[in-house]
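A short write-up of the structure that comes next.
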Amino acid sequence: MIYEVSNWAIAIFLFIVGLVLGLSFYFARKTKSSSGYYAAGGHIHWAVNGIAFAGDYLSAASFLGICGMIAFSGYDGFLYSIGYLAGWVVALFLVAEPLKKLGKYTFTDALDAKFDSKHIKLAASISTLIVSVFYLIPQMVGAGDLVVPLLGLPHWIGVVIVGSIVIFIVATAGMTSTTYVQFIKGALLVIFSTILTIYILQNGLSLKPNKNHHTFTQIEALVTNDTVVSVPDSSFVVKNTKVVNNLVLVKLAKDNIDGWYKLNVKDNQATLDEMLYITVLSNGEKLYNGAPKSERKFYQVGHLSKIIVDGKEVDKTGPVGPFEFIKAIESSEIIRFSKIAFPEGEDKITAWYQNPTPGENIMKPGLLYKLTKASGATLWDKLNFLSLMLALFLGTSALPHILIRYYTVPSQRAARKSTIVGIAAIGFFYILTLYMGLGSMINGTLDVESSNMSAPLLARTFGIGLFSIISAIAFATVLGTVSGLIIASSGAIAHDFIDKYLRVEMSDKSKVRAGKFAALGVGLFAITLGILFKGMNVSFLVGLAFAVAASANLPAILFLLFWKKTTAKGIAWSIIVGIVSSIGIILFSPTMYDKYGLLPKSAPIPLDNPGIISIPLAVLTLVIVSLMTQKDNLTKKQSI
Amino acid sequence: MLHEPAVEIKTDKAAAKKAKLGVKMFIAYTLVYAGFVFIGLSKPEWMGLELIGKQNIAIIYGFGLIVLAIVMGFIYNYFCTKMENKMNKN
C-alpha cells in the first residue's frame, strides 16, 4: 500500500518525540543511584503508577494488533482483549502485594528473596530476557508498520528510530523517565481511543463508507464444466483459469492490463468478482494489481454489502449508540478479504478475494479459532483455543516488565491501588478495541498487507488531524512499552546476572553504568529482530510471549507464595522446563512451519499456542523437584 | 545476601487476611472466566444466542468479564483498606 505523508503527521510525531526526549533529559540529572535507575527510587504515586501500568501494558499488540485482528477476524480478536484484561485479576488478587514485599528491583529479586540461590538467579534472569525479547519483537514490528504511513519511510527505518529513542530514554534516566513516558502515553491512548470511538459511532454504518472507497468490478461470465469460457463484455479477454482450494480464479485482460477475478455461481448465474493481488515476478519485482506500487492500484478494503436495522435493509444508519452499532453489524453482511496464494508460471501470486460474511459470524468466536463441528473443528482446534485463553489469563502476572512496576511505589497498599487504577484504564480501553476493530472492518480502511495498521488508517478517514494524533500516540505506545521491556532486560543482565549471579564487585555508580550498557545491547538486538520479523500480526506474537511467561514464570511465583515446600531447585527447574517446552512447541507449530515455507499441516505439534502443555509441565516439574529436594529447605532453616 | 525491597516496607498485620480474601476473589473470577471458555469449547453455537438488550452471549459475557474485573478490583480494595486501617492501627 502507498500512503500519502502529511506535514501535520510529521509535526505531531516530532512533538511527541521531543516531549519524550525532554522528559528523559530532565530526569537524567536526578538518576544517580541504582535504586533510582531500576525502581524510580520507589516513590512514584500510585495513581501515576496505575496509568503507567496502562501505558506499559497497552502495547503495540493491544492497540495495533488487537484492533487489526478484530478488523480481519471479528470477535476472535476480541478474545485477546478479554484474556489480557482477565490476567490482571491474577496480578491483583494473588501477586501484587506479596511481590512488592519480596522484591527490590527485578522479578528475580522477588523469586530469590527467600533462598539466595544461584540457580534461581540464573534461570530467572534468562527467563526475563527471553520473555522480554519475545515481547520486544512485536513492538518493533509495530513501530516499523507505523512509520510507513506516518512519515513515508521504509519499515526498517521505523524500527531503527524507535530503537534509538528508547535506548536514549532508558540509558539516560532509567525507570523514572520510563514511568512518566508510560504515564503520558497511557493517558493519551485512552483519551484518543475514546474520541476515535465517538467518531465511529457518529459515522454509523454505510454501504459507501468514504469518498475514496473503491467499488469492486463484477462481470457476467459464461461457464461450461466449471470453466469460464467467455465474458459477454467484449472489452475483457480471458487469459487464464486456475482452480485453487476449490475456488475458480480467472485472469482477465482489459486494455492490456491484467486482473484476477473469482468465479461465483449463484442461482445459475455466474459472475466474476474483482480481487486484489500482488505478483512477485521471477526477477523479484512486485506488481500491485498488475502495476507498479507507485500507480496506486492497490486499494484499501473492508465494507458492508448489506445493512439490516430492525429487520429492514437500509443504505446507511446515521449516528448509532454503542450497543446499536454492535447489533447492526450482527444483523448485516460484511465483505471481508481472504488470502490465497498460487503460482502462475514463474511468478508467485498472492490474492485476496471478497468473502461475504454474515454479521452474526463476526460477532461470535469462530472465524479464526474453529470451534463448531460445522466449521470442521478438530480436538486440536479446541485445544488451541483453550491454550490461548489459559496463556492470556496466566501470562499478565508473569511478565517481568509489568512486575518491576510494583517496585516503583512506596508501599503494598500503593501497589494494590495502582493495579486497580491500571485495571480500570486498561479494561475501558479493551472495550474500545471492539469498536475500533469493527469500525476498521466496515469503513474501507483495511490494508490487506498489514492488519496492524487498521486503527490508524481508520482514524485517517475521519481527518488527517486525528490520524496524525492517533499515529503519534501509537508510536508513543511503542516507545512506552519498549522502554519498560528494555529496563526489565537491562535489570536481568546487569543486576541479576552480573551483580547478583556473577557477584562482580561494583560501586553503585558502576551498577547504573552496567545497566545502561545492557540497555544499549538489548536495544540493538531488538532493532535487528524488529526488521527480521516484519509482516507478522503483533498481537499473535505477543500471545506467544504470554505463553512463554505463563509457562516459565507464573508457576514459580505462585508456588513460592502459596506452597511452603517449594525449593530453590524446584523453582529453577520449573522456569527452565517452562521456557524450553513453550518455545519448543512454538518452533514446531503450524504457524512457524508456514513461516519456514513448509506445509503447516506437516508440523509435528498441531498447536499454535503452547500453554496447555507447557504450563502443566512446568508446574509438575516444580512439584516433583521440590519434593525431591526438601533437604535443601531443612538445611537452610537450620543454618538460619 | 538476600534481596531486600527498594523502600522500607512496614509490617502489615492484615497481610494474611488480605491474602485469603484475594484467593477467594481469584477463585470466584476464575470460575466465571472458565464458564466463558467452557461455552466456547463445548457449546460454541450458544455464543450467538440473544441474551439481554438484543445482544448475544458472546458480547454480554465478554464485556461482562471486563467490567467484572474492574468492579471486583474496587470491592477488593475497599475490604483490604478496611482491614489495614483496623489491624495496623497500633
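The values are calculated or read from the model by the stated rules, or taken from the named source; none is laboratory data. Predicted model, so just to flag it, every value in this text is computed and none were measured. Reconstructed Cβ throughout: ideal geometry from the backbone, glycine too, with neighbour counts over all protein chains shown. Quick note on the areas: whole protein, heavy atoms, side chains included, nothing else; ligands and nucleic acids left out. Shrake-Rupley method; radii C 1.70, N 1.55, O 1.52, S 1.80 Å.
Against the test of being open to solvent by 20 Å² or more (accessible area, probe 1.4 Å) and more than 21 Å from A:THR217 (Cα to Cα), the options A:ASN264, A:ASN283 yield a single qualifying residue, A:ASN283. Between A:ASN212, A:ASN225, the distinction of being modelled with pLDDT under 80, of a type in the set (S, T, N, Q) and not assigned by TED's automatic domain parsing to the domain that holds A:VAL301 belongs to A:ASN212 only. Counting the residues of segment A:369-379 that are buried (at least 17 other Cβ atoms within 10 Å of the Cβ) and among the hydrophobic types (A, V, I, L, M, F, W, C) gives 2.
Filter segment A:50-61 down to the residues that are open to solvent by less than 10 Å² (accessible area, probe 1.4 Å) and more than 13 Å from every other protein chain (Cβ to nearest Cβ), then identify the one that is nearest to the chain's Cα centre (by Cα). If we take residues in segment A:50-61 being open to solvent by less than 10 Å² (accessible area, probe 1.4 Å) and more than 13 Å from every other protein chain (Cβ to nearest Cβ), then A:ALA61 is nearest to the chain's Cα centre (by Cα).
Each residue in segment A:450-467 was checked for being of a type in the set (Ser, Thr, Tyr), crowded, with 24+ Cβ neighbours inside 10 Å and at pLDDT 85 or above, and 1 pass. Of all residues in segment B:40-52, exactly one satisfies the criterion of being open to solvent by 50 Å² or more (accessible area, probe 1.4 Å) and facing another protein chain (nearest Cβ under 7 Å), namely B:GLU45. Of the numbered criteria (1) without any contact (Cβ under 8 Å) to a residue 40 or more places away in the chain; (2) part of a helix (DSSP H, G or I); (3) surrounded by fewer than 17 Cβ atoms within 10 Å (Cβ to Cβ), the one A:LYS382 fails is (3).
Contact map, segment A:453-474: first residue within 18 Å of A:LEU438 (Cα to Cα), second residue buried (at least 24 other Cβ atoms within 10 Å of the Cβ) and of a type in the set (Val, Ile, Thr), Cβ cut-off under 6 Å, separation 6 or more or different chains; pairs are A:PRO456/A:ILE470; A:LEU457/A:THR445; A:LEU458/A:THR445; A:ALA459/A:ILE470; A:THR461/A:THR445. Candidates A:THR445, A:THR481: the one that is open to solvent by less than 10 Å² (accessible area, probe 1.4 Å) and not in a helix (DSSP H, G or I) is A:THR445. Can A:ASN283 be described as over 30 Å from the mean Cα position of the chain (by Cα), of a type outside the set (A, V, I, L, M, F, W, C), over 20 Å from A:THR215 (Cβ atoms) and not assigned by TED's automatic domain parsing to the domain that holds A:SER440? So A:ASN283 fits the description; yes. Examine segment A:388-404 for a residue that is touching a His at 6+ places or on another chain (Cβ under 6 Å) and more than 9 Å from chain B (Cβ to nearest Cβ), and state whether such a residue exists. No. With the structure loaded, tell me whether A:LEU99 is within 19 Å of A:PHE475 (Cα to Cα) and in the same structural domain as A:HIS495 (by TED's automatic domain parsing) or whether it fails that test. Against the criterion (within 19 Å of A:PHE475 (Cα to Cα) and in the same structural domain as A:HIS495 (by TED's automatic domain parsing)), A:LEU99 does not qualify. Taken together, A:TYR430, A:TYR435 contain a single residue that is in contact with a Pro (Cβ under 9 Å, 6 or more places away or on another chain) and either modelled with pLDDT of 90 or more or not in a loop (DSSP other than H, G, I, E, B) (or both), which is A:TYR435. Per the conditions (1) within 17 Å of A:PHE192 (Cβ to Cβ); (2) within 14 Å of another protein chain (Cβ to nearest Cβ); (3) open to solvent by 10 Å² or more (accessible area, probe 1.4 Å), the sole criterion not satisfied by A:TYR430 is (3). When the helices (runs of 4 or more DSSP H) confined to segment A:70-169 are screened for residues that are surrounded by fewer than 24 Cβ atoms within 10 Å (Cβ to Cβ), those reaching at least 1 such residues are found at A:75-90, A:96-102, A:118-151. Among residues of segment B:22-39 that are touching a residue at least 40 places away in the same chain (Cβ under 8 Å) and more than 9 Å from chain A (Cβ to nearest Cβ), none has a Cβ under 7 angstrom from a residue that is surrounded by 14 or more Cβ atoms within 10 Å (Cβ to Cβ) and in a helix (DSSP H, G or I) at a sequence gap of 6+ or on a separate chain. Of everything listed in (1) at the interface with chain A (Cβ under 9 Å from one of its Cβ atoms); (2) modelled with pLDDT under 95; (3) open to solvent by less than 40 Å² (accessible area, probe 1.4 Å), the single unmet condition for B:PHE63 is (2). The residues listed here are A:LEU529, A:LEU558, A:LEU617; of these, the one that is at pLDDT 90 or above and closer than 30 Å to A:GLY174 by Cα is A:LEU558.
Condition check ((1) in a helix (DSSP H, G or I); (2) away from chain B (no Cβ under 14 Å)) across all residues:
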{"residue": "A:ILE329", "(1), (2)": "yes, no"}
{"residue": "A:ARG336", "(1), (2)": "no, yes"}
{"residue": "A:LYS348", "(1), (2)": "no, yes"}
{"residue": "A:ALA351", "(1), (2)": "no, yes"}
{"residue": "A:LYS364", "(1), (2)": "no, no"}
{"residue": "A:LEU367", "(1), (2)": "no, no"}
{"residue": "A:ALA374", "(1), (2)": "no, no"}
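Does segment B:73-84 contain at least one residue that is under 26 Å from B:ALA19 (Cβ atoms), among the polar types (S, T, N, Q) and either more than 7 Å from chain A (Cβ to nearest Cβ) or open to solvent by less than 50 Å² (accessible area, probe 1.4 Å) (or both)? The answer is yes; a qualifying residue exists. Within segment A:291-306, residues that are assigned by TED's automatic domain parsing to the domain that holds A:THR357 and open to solvent by less than 40 Å² (accessible area, probe 1.4 Å) sit with their Cβ atoms under 9 Å from residues that are in a strand (DSSP E or B) and aromatic (Phe, Trp, Tyr), at 6+ positions apart or across chains, in these pairs: A:PHE298/A:TYR277; A:PHE298/A:TYR288; A:VAL301/A:PHE337; A:VAL301/A:TRP352; A:GLY302/A:PHE337.
Assessment of segment A:394-408 against the conditions (open to solvent by 40 Å² or more (accessible area, probe 1.4 Å) and over 23 Å from the mean Cα position of the chain (by Cα)) yields no matching residue.
With respect to the conditions (1) open to solvent by less than 40 Å² (accessible area, probe 1.4 Å); (2) within 14 Å of chain B (Cβ to nearest Cβ), A:THR172 falls short on a single one, namely (2).
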